[in-house]
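Report on the following structure.
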Amino acid sequence: AVVSTQSTGEGRTSIKAAYEKELLRSFQNKSALNNSVPVEQYACAELINSYRKSMEDQLLPAMRDMYGNHCQKLDQALKKWVHEYTQRLHDSSQLSPAVQNKLDQIQNRIARISEEGGSLAAIHQQRLDPAVQRITSKLRNFEVQASVATSEDLINVAIEQKRFHTAMEMALNAKDLDLVLETCRQVPVEDMFRDPPSQLILLSIFAHLQADLHVDLELKSSYLIEAIQAVDMTDQTVRHHKGQLMQTLIENIDTSQPRVPRDMYNLYLKNLRWSASMLMN
């Protein structure tokens, strides 16, 4: 069968596209496992580290072997030249016995060096190995780390971009109550609930903000009241969890009551308790 050039080109393009897609997916998965490092930043660090690893594992050994081979060939060529040159001088009848004796000493010395394993290549190799080791050590220390953005950094960026639901979702997923409260402080309740968040975010807000209601009472109660009003009773997940969540909220309100001044209880917790009771029924 004859495959046209066009179809072959299209096949290569599709393979290349599939490879790039798989590579991007790999970077995205690794990025997600490294504290939400932006995928572009993680990919850049991965590529730099791969290049560094290739230099260490392939380029340096190849250069060392190539240099060693050149030194060995040069060593053999020099020995051959010295041997031939001294042999021609030795065969010359014009040389005095003293000079011929000196040439014999030179040939014997070259032969002895060869027998002892000494060579120009070995001398240069002794100097080259430490240099290669130093370069390898520097390459290993040059590993690039993707700058890890903290959850707080990512949340602040989302808030600056007015992606309030995304900011709250990241804070809730971090499972850090202080981070959730700080997000609540930065985003006014009316901005967070102008467009109701997803039902899962609402349920998670209940779970996080209902503890220790006497602490940050005004902030927590304002968010909890708005979350109750935004609940969609037709949502299956809400219907499954709302009873337990509201029961726990009411119990926490009653537990916090003795620790809250009466006027503060009437202003914040009384209305919150009534709303939770209505939602539970």
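The values are calculated or read from the model by the stated rules, or taken from the named source; none is laboratory data. The model shown is predicted, which means the values in this text are computed figures rather than measured ones. When we count neighbours, we look across all protein chains shown, and the Cβ atoms used for this are built from the backbone with ideal geometry, even at glycine. Surface accessibility is based on the protein's heavy atoms, side chains included, excluding ligands, DNA and RNA. Shrake-Rupley method; radii C 1.70, N 1.55, O 1.52, S 1.80 Å.
Quick notes
- Per-residue surface analysis assigns Ser222 an accessible area of about 40 Å², computed on protein heavy atoms at 1.4 Å probe radius.
- The residues neighbouring Ala211, those whose beta-carbon lies less than 12 Å from its own, together hold a net charge of -2 under the Lys/Arg +1, Asp/Glu -1 convention.
- Here Met280 and Asp178 are evaluated by their C-beta separation; at R0 = 35 Å the FRET efficiency comes out at 0.80.
- Surface composition of region 149-281: carbon and sulfur atoms hold 49% of the protein heavy-atom accessible area at a 1.4 Å probe.
- If the chain linking Arg88 and Glu160 were pulled fully straight, counting 0.36 nm for each residue of separation and taking away their Cα-Cα distance, it would gain 17.2 nm.
- Order of exposure, largest accessible area first, which applies to Met264, Met66 with probe 1.4 Å: Met66, Met264
- Summarising the label geometry, the points placed 7 Å from Cα in the beta-carbon direction at Gln76 and Ala207 lie 7.3 nm from one another.
- Per-residue SASA remark: Glu84, around 80 Å² accessible (1.4 Å probe; ligands, DNA and RNA not included).
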